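The values are calculated or read from the model by the stated rules, or taken from the named source; none is laboratory data. All of these numbers come straight from a predicted model, not from anything done at the bench. Cβ atoms come from the backbone with ideal geometry, glycine included; neighbour counts cover every protein chain shown. Side chains are part of the model used for accessible areas, which takes the heavy atoms of the whole protein and leaves out ligands, DNA and RNA. Shrake-Rupley method; radii C 1.70, N 1.55, O 1.52, S 1.80 Å.
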Amino acid sequence: MTARKSQAVGEPTDPDVDVRVPAQRPRSWRGQGPIVAVVALGGAAGACARYGATLLWPAAAGAFPWTTLWINVAGCAVIGVFMVVITDVWAAHRLVRPFFGTGVLGGFTTFSTYAVDIQKLVDAGHARTGLTYLAATLLAALAAVWLAVTATRRVLAWRQG
């Protein structure tokens, strides 16, 4: 089996390249700097927004973590709208999706806090509440994405029709 280097469209394939040899590996990481930078900036902005929401609406110890649930549901709804807009409507700059989708919304929504909240509820003897939270977040987040995608596509079809 011959290893091939990644190539640009129209660039001939060099069958003599061996990706196991460091000097022959493609240098694709060089183009990743701007993407990593915008994901980091967006992630910081999203995480700050999430932190602000938890300060505005804190959850009491052992109580149902409503703030985290609604943050995740709202973030999933925005992801649904955003993905329809950038795939069906708007030819966005190549850094918009990593900045807003991966960075801002990835930092705003929070699987780690969700998992920690479940663990805290279980450790405090509130296993039913933890399991309810686990299922409710999953179902509500999936429903939010689906509803947002469906509603956005219907609004766009209505506006075009």
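A few comments on the model shown:
- Accessible area per residue for the range 75-123 is 55 Å², calculated with a 1.4 Å probe on protein heavy atoms, without ligands, DNA or RNA.
- Isotropic mean projected area of the C-alpha convex hull, the range 61-161 (nm²): 6.7 nm²
- Computed from the C-beta positions of residue 122 and residue 143 and an R0 of 30 Å, the FRET efficiency is 0.75 to the nearest 0.05.
- Size of electric dipole in the range 23-161: Cβ of Lys, Arg +1 and of Asp, Glu -1, about Cα centre, debye, nearest 20: 520 debye
- Modelled FRET efficiency - R0 25 Å, residue 115 with residue 48, Cβ distances, 0.05 increments: 0.75
- Under the simplified labelling scheme, the residue 150-residue 90 pair shows an inter-label distance of 2.5 nm, with each label point 7 Å from Cα along Cα→Cβ.
- Accessible surface of the range 48-138 [probe 1.4 Å, protein heavy atoms]: carbon and sulfur percent: 70 percent
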